[in-house]
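Below: one structure, written as structure tokens.
The values are calculated or read from the model by the stated rules, or taken from the named source; none is laboratory data. A quick note: this is a predicted structure, and the numbers were derived from the prediction, not measured. When we count neighbours, we look across all protein chains shown, and the Cβ atoms used for this are built from the backbone with ideal geometry, even at glycine.
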Amino acid sequence: MRISHRIFILGFLLFGTGANAAIKLPAIVSSHMVLQRNTKVVLWGWADANEKISVKTSWISGTRKIQADSLGNWRLEVLTTNSREPQTISVKSKESDILLEDILFGEVWLCSGQSNMYQPIKGYGDNNPTSDAMMARARAGNPELRLFTVGRVGAKAPLKDLKEFTSWQPSSPTGVSNFSAVAWFFGQQLQEIMDVPVGLIHTSWGASTVEAWISEEVLSNYQEVNLDHIVLKGDERRLPTILYNAMIHPLIPYKIRGVLWYQGESNRNDPENYKKLFPAMVQDWRTRWGIGDFPVYFAQIAPFDYRKKDPFTSINSNSAFMRVAQEQCVDLIPNSGIAIATDIGDEHRIHPPYKREVANRLLYLALDQTYGLEGIDGRSPLYENMEIINEGIRLSFKHAETGLFAFDKLTGFEIAGNDKVFYPAKAIIEDGTQVYVKSNRVADPVAVRYAWNDWAEGTLYDRNLLPASSFRTDNWENASRYTDGVSESAFDALNEQAGWKLEFEDKCTEDWKQNWVLDGLKASLENSDKGLHFSAGPEFKNDAHHAVLWTKESFEGDLKIEYDYTRTDSETKCVNILYIQATGKGEEPFAEDIFSWKSLREVPAMRSYYDNMNTLHVSYAAFVNSSDTSYYVRARRYPRPENASFNETKIAPSYDNEGYFKTGESYHITVVKTNTQLFFKMENKGESSLFAWDLSDTDPLSSGRIGLRHMYTRSAIYRNFIIYSK
């Protein structure tokens, strides 16, 4: 146990032995403490039975006389003020003379939970840093911010006093490194904004459950509690009631303004029970403190990849259910609020570094709801209701008075019909306050889910940049996600599968005629150290100005195609097409060997290809209006059926309005084709988009050439063109 220097000097007086025992104060009542300002606070301690005690405070005239009860307990209520001056308290008896110094009046917050509350400024372990840690240390010298840390100890019965603790001390660059980051960031900013002293009591333990923080009396209403045969070995953070006994009960009745809580990971597999236990814990604490419904502001668990096999449908394996349960606790706990964290998780770290962001959001709640600061709204947008309209669903939100916002496109939305199968969906903000969600795969939608995974990246905010939580409009227990082999995981499995054989490789810096054959007379091709610059003819809507570049070789079986692509034109109505395993349709003069009727394609009109070739077509970098922010990616299967429209060659879905393939930007493209699956993935600046199609209902392709079509006016640079087969 670490204690302040002055309290250590007084140790003999507090704990010395003799015929008459000295007065003992609880650990939380000491020099340098912060007492809640302008209210009634409690001073308490222990002495001999019926011992007479006098208490003198520097801010109240006169001396208070009290007497310990028959068990030696004593308690005194004292009114504090708004004074900014350091205060003293003198506690005397026949055997004791205790002086507490450097006491401030201010705002006192208790900060509790598990590891994300415990994570200190210096970081947690070897791989869990805290963002802004250096700035925190640089700004840590603040005599009006006082810190108290409760040691991690369990007990089978409620303790009168703390066993281990770090006593009250002013915030300093050396001391802050080991203090809770969320608590410190909250307290530092609260002190600066309110311009009053702030005291933070940190009492948390990593991996602890909510059950551990509830008294036995209350928890027994929900489950059996029997610790009779338990032997405490120093790591009991998951046992029921033991942290309440050792780390909360000894702090009562020290007056606090409110509580910050960051916990939930250890209870994520039982969110429905959490909605009972967490409100019960809050009520338990409020009842025992006896100071009314003090505010409780809590942080939502952040998204993280827990590596569950079924992270969508099961309430026991998808932490989105827990995130929603936590949000619902706001309605179950009076005078509470939640800091949403859907946008500040870390896929590979259960302890994300963004503790300042969590603290900011907790602070906004306190400034808004507790301190009434004008212009502050700490509440995130909350899904309210939905309307089915135009084969899509329009969503409305509470707490979105300032409007909704997305930094880029909205992602993470899924939509389902009455079959309860969810498909990826496009989502856009409408009228600044609503979100419209739609998928071409769901003609009659009835439900939407958002950020419904263990790992998700929140993209929907209000204009205060407070994120929306994961939510669902349904209450289904047996929903599923579309998993027909065209998911991201299916792509990864194929792409990383062993057995791919390198068949073709062209860095595109040497003479293109070594590997390629050109359809069309108006195109230009030039190799350089930048790659192959391929330009179609310059005239718009002139079939002779189309161009197709074909591999000389044919390729059999499943294929994986990779290349780097940079669009160099700035036209607004032109398209790239990738032909996969193209052959002629086999009717004269359109033989399977497409080179045998190459002369028929000197004017490479589109209809010559979609009517007479047997191939897959992927169109991309396809701009359909005058904006660089709109484009589509589509797949088609040639030839066009007899007497059918060109539209009937399309393979669902069509991906529209994605906003990629901007002029001058390099994209890495990966295409994987099997008899039942087609994937087109583009990557740019660390971001990626995957487009996928189910080929189960199309005739399979087994062999053919690869072609690159440029519609009139299209020009681009290609590099590192590679083809694998299996």
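Of the residues making up the stretch 424-431, not a single one is outside the structural domain of Thr670 (by TED's automatic domain parsing), touching a residue at least 40 places away in the same chain (Cβ under 8 Å) and part of a loop (DSSP other than H, G, I, E, B). Report, by residue number, each residue of the stretch 52-102 that is over 28 Å from Val150 (Cα atoms) and in contact (Cβ under 8 Å) with a residue 60 or more places away in the chain. Once the filter is applied, which keeps residues that are over 28 Å from Val150 (Cα atoms) and in contact (Cβ under 8 Å) with a residue 60 or more places away in the chain, the stretch 52-102 yields Ser93, Lys94, Glu95. I'd like to know if the stretch 571-579 contains one or more residues that are in contact (Cβ under 8 Å) with a residue 60 or more places away in the chain, in a loop (DSSP other than H, G, I, E, B) and touching an Asp or Glu at 6+ places or on another chain (Cβ under 8 Å). For the stretch 571-579, residues in contact (Cβ under 8 Å) with a residue 60 or more places away in the chain, in a loop (DSSP other than H, G, I, E, B) and touching an Asp or Glu at 6+ places or on another chain (Cβ under 8 Å): absent.
Scanning the stretch 258-307 for residues that are crowded, with 22+ Cβ neighbours inside 10 Å and among the aromatic types (Phe, Trp, Tyr), we see that the one that is farthest from Asp454 (Cα to Cα) is Trp285. Lys122 passes every criterion in (1) surrounded by fewer than 16 Cβ atoms within 10 Å (Cβ to Cβ); (2) under 30 Å from Glu192 (Cβ atoms); (3) outside the structural domain of Arg152 (by TED's automatic domain parsing) apart from (3). Considering only the stretch 352-372, I want to know if a residue exists there that is modelled with pLDDT under 95 and of a type in the set (Gly, Ala, Ser). The answer is no; no qualifying residue exists.
Quick check on the stretch 243-267: of everything there that is among the aliphatic types (A, V, I, L, M) and out of contact with any helix residue (DSSP H, G or I) (no Cβ under 6 Å at 6 or more places or on another chain), which residue is nearest to Val282 (Cα to Cα)? Going through the qualifying residues, I end up with Val259. The residue that is surrounded by the fewest Cβ atoms within 10 Å (Cβ to Cβ), counting only those in the stretch 524-550 that are in contact with a Pro (Cβ under 8 Å, 6 or more places away or on another chain) and part of a strand (DSSP E or B), is Val548. When the residues of the stretch 370-400 are filtered to those that are among the charged types (D, E, K, R) and in contact (Cβ under 8 Å) with a residue 40 or more places away in the chain, the one that is farthest from Pro295 (Cα to Cα) is Glu391. Report whether or not Tyr364 is in contact (Cβ under 8 Å) with a residue 40 or more places away in the chain and within 24 Å of Met194 (Cβ to Cβ). So Tyr364 passes the test.
Only one entry of Val448, Val435, Val442 meets the criterion of being assigned to a loop (DSSP other than H, G, I, E, B) and buried (at least 18 other Cβ atoms within 10 Å of the Cβ), and that entry is Val442. Is it true that Ser30 is modelled with pLDDT of 95 or more, more than 20 Å from Trp168 (Cβ to Cβ) and either over 51 Å from the mean Cα position of the chain (by Cα) or crowded, with 19+ Cβ neighbours inside 10 Å (or both)? In short, no. Of Phe105, Phe148, all but one fail to be in contact (Cβ under 8 Å) with a residue 60 or more places away in the chain, within 27 Å of Phe278 (Cα to Cα) and either in the same structural domain as Thr39 (by TED's automatic domain parsing) or buried (at least 24 other Cβ atoms within 10 Å of the Cβ) (or both); the exception is Phe148. Counting only residues that are among the hydrophobic types (A, V, I, L, M, F, W, C) and assigned to a loop (DSSP other than H, G, I, E, B), the stretch 85-124 holds 1 of them.
In the stretch 35-57, which residue that is among the charged types (D, E, K, R) and buried (at least 20 other Cβ atoms within 10 Å of the Cβ) is nearest to Thr88 (Cα to Cα)? Result: Arg37. Looking across the stretch 231-254, the residues that are outside any loop (DSSP other than H, G, I, E, B) and hydrophobic (A, V, I, L, M, F, W, C) come down to Ile242, Leu243, Ala246, Met247, Ile248, Leu251.
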